[in-house]
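Structure, as structure tokens:
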Number of protein chains: 6
Amino acid sequence: MGVHQYFKSLSDLELIIRCPGKFKFQEHSVASHSFKVTKIAQFLGTVEEESGQNVNWKSLYEKALNHDYAELFTGDIKTPVKYASKELKKLFGEVEEEMTRSFIEKEFPTEFQAIYLERLKEGKDETLEGRILSVADKVDLLYESFGEIQKDNPEPLFIEIYEEALRTILIYQDMNCVEYFLKHILTDMLSERFTEHDELTGITVRIIEERGN
Amino acid sequence: MGVHQYFKSLSDLELIIRCPGKFKFQEHSVASHSFKVTKIAQFLGTVEEESGQNVNWKSLYEKALNHDYAELFTGDIKTPVKYASKELKKLFGEVEEEMTRSFIEKEFPTEFQAIYLERLKEGKDETLEGRILSVADKVDLLYESFGEIQKDNPEPLFIEIYEEALRTILIYQDMNCVEYFLKHILTDMLSERFTEHDELTGITVRIIEERGN
Amino acid sequence: MGVHQYFKSLSDLELIIRCPGKFKFQEHSVASHSFKVTKIAQFLGTVEEESGQNVNWKSLYEKALNHDYAELFTGDIKTPVKYASKELKKLFGEVEEEMTRSFIEKEFPTEFQAIYLERLKEGKDETLEGRILSVADKVDLLYESFGEIQKDNPEPLFIEIYEEALRTILIYQDMNCVEYFLKHILTDMLSERFTEHDELTGITVRIIEERGN
Amino acid sequence: MGVHQYFKSLSDLELIIRCPGKFKFQEHSVASHSFKVTKIAQFLGTVEEESGQNVNWKSLYEKALNHDYAELFTGDIKTPVKYASKELKKLFGEVEEEMTRSFIEKEFPTEFQAIYLERLKEGKDETLEGRILSVADKVDLLYESFGEIQKDNPEPLFIEIYEEALRTILIYQDMNCVEYFLKHILTDMLSERFTEHDELTGITVRIIEERGN
Amino acid sequence: MGVHQYFKSLSDLELIIRCPGKFKFQEHSVASHSFKVTKIAQFLGTVEEESGQNVNWKSLYEKALNHDYAELFTGDIKTPVKYASKELKKLFGEVEEEMTRSFIEKEFPTEFQAIYLERLKEGKDETLEGRILSVADKVDLLYESFGEIQKDNPEPLFIEIYEEALRTILIYQDMNCVEYFLKHILTDMLSERFTEHDELTGITVRIIEERGN
Amino acid sequence: MGVHQYFKSLSDLELIIRCPGKFKFQEHSVASHSFKVTKIAQFLGTVEEESGQNVNWKSLYEKALNHDYAELFTGDIKTPVKYASKELKKLFGEVEEEMTRSFIEKEFPTEFQAIYLERLKEGKDETLEGRILSVADKVDLLYESFGEIQKDNPEPLFIEIYEEALRTILIYQDMNCVEYFLKHILTDMLSERFTEHDELTGITVRIIEERGN
């Protein structure tokens, strides 16, 4: 009952650990992930702006800050489940939307409801800001999986996550910020010292070449 | 590829923490929960046997040990999501079943597939053993929520979980083991020293009386 | 060398735990805190906007996101040390600024240096956005200390932090968002169930009355 | 006083961490270990049954579930201490038995005492089920030490544990389930990707050859 | 082989957690406990010196620093096991001594062996320093159990530990430092704010009165 | 108010984690570090004594036990901040001293104040005991960083810490205990099995040779 419940819920996001059920050297919460994605989106937006694009900063920050808030209601559902069938995915989307709406209507005073319905809806649309969010989300995932690979986590899942994240980033390779990321940031990441070095460089080169980059 | 993957997956169950996104003083993994449910089912089965029922122990142990194994594939999905609509629940059940089958067909040699398909299917059926499992699962949940309430966890969710678990146990109040539990075990639990004592005793008495016990 | 180092540093903020050296039931990292402060600032900004103020959202988000980034360089310095003398505080400010500048000049390409020097400088100025940040920072601190008090943390420090945070918020009581917070949110917080209830309500009422509110 | 104490004690087994005093990347509790040993014993029993052996499943599950329950009373005593002298080992066995008996007589109602005295006694006897338990216990220990070695734990103790576990399994190499384990599971384990690969494969081959396998 | 092994072993003492198998809000390692006991012994020794006693500081520090080092070899053995029978206790003492000697002879160069055999032997003898160690060890245990009781740990064991620690301290009530502790420190401890206050003050007064203090 | 506050503060030292803001496989508290430094100083003092030096044991133990106690007041301040300027360093020293004095005057009875002012002051002076403390502090830091390097921590900071610790130890290479450490202990450390072996041995040899050892 009230914005107090909303403020309190922010702390629950500190208690949802990403990628449960797999051994990780360093854990990341949904709260920390949301912070990092927003900071990464800030940089990517800056690159776009420097390249002459017009960035709607208010929209970009709103999208990035809130993009995983609905995990509060649904919990951590494994990707293969979510995408098991088109029908299930659609139903899921509807349930998520319904739970978010129901929370807003229960906790927020009438005058703020429309604003928060807008803020908490799916942000990865086809606008420039939605596309920056899609990239920023995967850049943080790339860093999370890179962190495990660099520490020699023997679980092959993290190589798969790294690959999937990189492939998704490449879908947006026409964007200035992706071009910048691939050219200046990814190369520095790969020149870090670690054991599996050759394997990861190999995978990265292969994925990028596949896209005919 | 192979039973090795199955053995390794057991350790992943140690890394799925129950009830994510809520502050807990003591965390419980799916592996520990499965152990405790099996031990509780063993006691409840013994009560049934002492009362003259014929317990199929092989079946009871199989049901209890494996009842949450599928969380390996689906992750921890919050109950309100799972039960948001009949349609979603049905689809979920199908996806869970499909993922389990696909895992078994991929990892187990042909000669063991039929046995494990049987073992890993939903165990809470209408047999005596399925009913004991339903009770044992909720008894452990009752203990988990009781542990938080006793340590003064201010989160009201744990009172709700306690209530929901007790209500489910009472659905089976015609069973000897439930009668025994209510009479001998729950009373001892409630006489433990703790702060919220009055509130919890009140809730318990009210729920039991509602059922016209 | 490069933006990669900046992206990597975000993960280090997940590893700086606030309020070290005191027993806490729930720990909070600088990354999570930054996320929560930004979300709280978003709500407070919305209240200001609804009240007819003109909010510079780009500036507000930048201030909130980055307000504790410099802890990366200085570590967690206890407040009494920081404020032990005017001279020390001034020197500290200079060292912090110097370290931030030196990091930016080392890691960022020339074209982004001016932007990041602006972004990472102290944000709590006398603009509307700077004042919202000052309030949001203390609201999260209030929630952190409230969380400990509600769980019966016997350490008196958390009562002191709660008091100090509330006093600071009251400095800004002419703002619409503070009025809203005191009237609608703080009252809901204090009506939560917990043991020390009377003491905390008493302290809150006393502090607010002292300010002749 | 009562079965409630017994149910509550199950949660204490979640708080006894195996192999204390040594750095581990992943910790395992006695509760989780008991779960995994029971699941492994289930598979090994299935192999025996498929090979024409007659498995007493009720006995096998009882032995596996309860095999470390007495650690509740004695705590974690390091193996070299336990086996320092025949006399000490014998005295230990007596104390453990006495404490278990005393717990059962204190907490269990008379009608269940005989059953639980039987259930909680040492299960590693010369029956087929006792032998399966001996193997399953060491297979889980092998996986625990393998997990550390695969993550590059520099502590030589885990190589020693791996060796000791494998040697003990080989004592039972006339069993169908051990033959299956060596041929189908251990080989898959050793083909996992990890750094110390050569060393571990070498050790394994040497130990197996020593036994004239 | 060598002093390097001895230095490395100090870090293993950071990984032995005291009182395993019981839920604790705050965990304490053997390394931290040893530090606190030495600091407490330093204060108690100062009280004795101020009262005119002659304190052998070199001996007191050696006793306090090393008093739990042998747990490295034996692990954490629960007190009731250790004291189950006189015979077992004696055997245990012998095994502990033998393991310590064997470690010293293996790792230390000949010229240091006599010194370390002396240093690592049981320190709680009838000298003034041995008696101060006995008191300091129990004062830290009292603080550890007090910390749990003050945080409302519902486990009755911590009340038992508190009682046992206080009773042992009272055995030494003829000592100046114990008189000081009871008069000046214990009274301040009991005037801390916490919920179970009355119960703990009651227990304390009763125990002290029983001893005819 | 009283020695009780001092005793309680020892437990706060268990909650200050060294080197915050960097990923570590094994964390170390200020309490554990103080224990290890005191034990290492004990050994180094023994080497000095064997070499004919006269060691003031009471002073050595006091210095080692208390050398980081002031972190209780100042928190963990990163080294580059502390040493950013001579002026800042001097001011810091004054603040630290002032806070320690203020704590002693507030908590300790008059008769113990002079003793504790002496005990809690900076111990790394030019006496033999002060020099042994300087070496022991860095030997533990060397072990802490070695532990991370040996576990393949990819963070270059730990190589830097290792180097800095070793360089500081070499400043004291005219001492018998440093000679002993370099000849007998460091060599054993470097012959441990681990991946980065060559790199670390190379660094060590280079640093030692630079000093014309």
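The values are calculated or read from the model by the stated rules, or taken from the named source; none is laboratory data. Fair warning: this is a prediction, and the values are worked out from it, not measured in the lab. Neighbour counts run over all protein chains shown; Cβ positions are idealised from the backbone, glycine included. Side chains are part of the model used for accessible areas, which takes the heavy atoms of the whole protein and leaves out ligands, DNA and RNA. Shrake-Rupley method; radii C 1.70, N 1.55, O 1.52, S 1.80 Å.
Residues considered: E:Y162, E:Y143. Of these, the only one that is open to solvent by 10 Å² or more (accessible area, probe 1.4 Å) and either in a helix (DSSP H, G or I) or modelled with pLDDT under 75 (or both) is E:Y143. Of the residues in segment C:2-9, not one is over 20 Å from F:G21 (Cα atoms), at pLDDT below 95 and open to solvent by less than 30 Å² (accessible area, probe 1.4 Å). Any idea how many residues of segment A:80-106 are under 18 Å from A:G123 (Cα atoms) and among the hydroxyl-bearing types (S, T, Y)? Matching residues across segment A:80-106 total 1.
In summary, helices (runs of 4 or more DSSP H) completely within segment D:1-99 and bearing 2 or more residues that are within 11 Å of chain B (Cβ to nearest Cβ) and touching an Asp or Glu at 6+ places or on another chain (Cβ under 7 Å) occur at D:3-12, D:30-50, D:57-66. The set of residues in segment C:165-193 that are assigned to a loop (DSSP other than H, G, I, E, B) and either open to solvent by 30 Å² or more (accessible area, probe 1.4 Å) or at pLDDT 90 or above (or both) comprises C:Y172, C:Q173, C:D174, C:M175, C:S191, C:R193. Among the residues of segment A:123-140, which ones are touching a residue at least 40 places away in the same chain (Cβ under 8 Å), open to solvent by 10 Å² or more (accessible area, probe 1.4 Å) and under 20 Å from A:K78 (Cβ atoms)? Within segment A:123-140, A:K124, A:D137 qualify. Selection over segment D:105-140 of residues that are in a loop (DSSP other than H, G, I, E, B) and of a type in the set (A, V, I, L, M, F, W, C) gives a count of 2.
Selection of segment F:34-87 for residues being under 16 Å from E:L65 (Cβ atoms) and hydrophobic (A, V, I, L, M, F, W, C) yields F:F35, F:V37, F:I40, F:A41, F:F43, F:L44, F:V55, F:W57, F:L60, F:A64, F:L65. Would you say E:S102 is open to solvent by less than 10 Å² (accessible area, probe 1.4 Å) and part of a helix (DSSP H, G or I)? Considered against the rule, which asks whether it is open to solvent by less than 10 Å² (accessible area, probe 1.4 Å) and part of a helix (DSSP H, G or I), E:S102 comes out as no.
Among the residues of segment C:15-34, write down those that are more than 20 Å from C:K138 (Cα to Cα) and either open to solvent by less than 30 Å² (accessible area, probe 1.4 Å) or among the acidic types (D, E) (or both). Correct list: C:G21, C:F23. Looking for something within 23 Å of E:G75 (Cα to Cα), among the basic types (K, R), modelled with pLDDT of 95 or more and touching a Leu at 6+ places or on another chain (Cβ under 9 Å) - is there at least one such residue anywhere in segment E:107-121? No, the conditions are met nowhere in segment E:107-121. If we keep just the residues of segment B:58-77 that are touching a Phe, Trp or Tyr at 6+ places or on another chain (Cβ under 7 Å) and open to solvent by 10 Å² or more (accessible area, probe 1.4 Å), which is farthest from A:E96 (Cα to Cα)? Checking each candidate, the answer is B:K58. How many residues are within 14 Å of chain A (Cβ to nearest Cβ) and either out of contact with any helix residue (DSSP H, G or I) (no Cβ under 9 Å at 6 or more places or on another chain) or of a type in the set (D, E, K, R) (or both) if we restrict to segment D:121-152? The total comes to 4.
Under the condition of being at pLDDT 95 or above and among the hydroxyl-bearing types (S, T, Y), which residue from segment A:30-76 is nearest to the chain's Cα centre (by Cα)? Checking each candidate, the answer is A:S34.
For segment B:64-92, enumerate the residues that are under 20 Å from A:K22 (Cβ atoms) and of a type outside the set (S, T, Y).
Passing the criteria: B:D68, B:A70, B:E71, B:L72, B:F73, B:G75, B:D76, B:I77, B:K78.
Would you mind stating whether D:I149 is open to solvent by less than 20 Å² (accessible area, probe 1.4 Å) and either farther than 28 Å from E:K8 by Cβ or in a helix (DSSP H, G or I) (or both)?
Against the criterion (open to solvent by less than 20 Å² (accessible area, probe 1.4 Å) and either farther than 28 Å from E:K8 by Cβ or in a helix (DSSP H, G or I) (or both)), D:I149 qualifies.
B:T79 - would you say it is modelled with pLDDT under 90, closer than 29 Å to B:K58 by Cα and out of contact with any Leu (no Cβ under 9 Å at 6 or more places or on another chain)? Judged against the criteria, B:T79 is not a match.
Of everything in segment F:111-120 that is more than 10 Å from every other protein chain (Cβ to nearest Cβ) and under 16 Å from E:E49 (Cβ atoms), the residue that is surrounded by the most Cβ atoms within 10 Å (Cβ to Cβ) is F:Q113.
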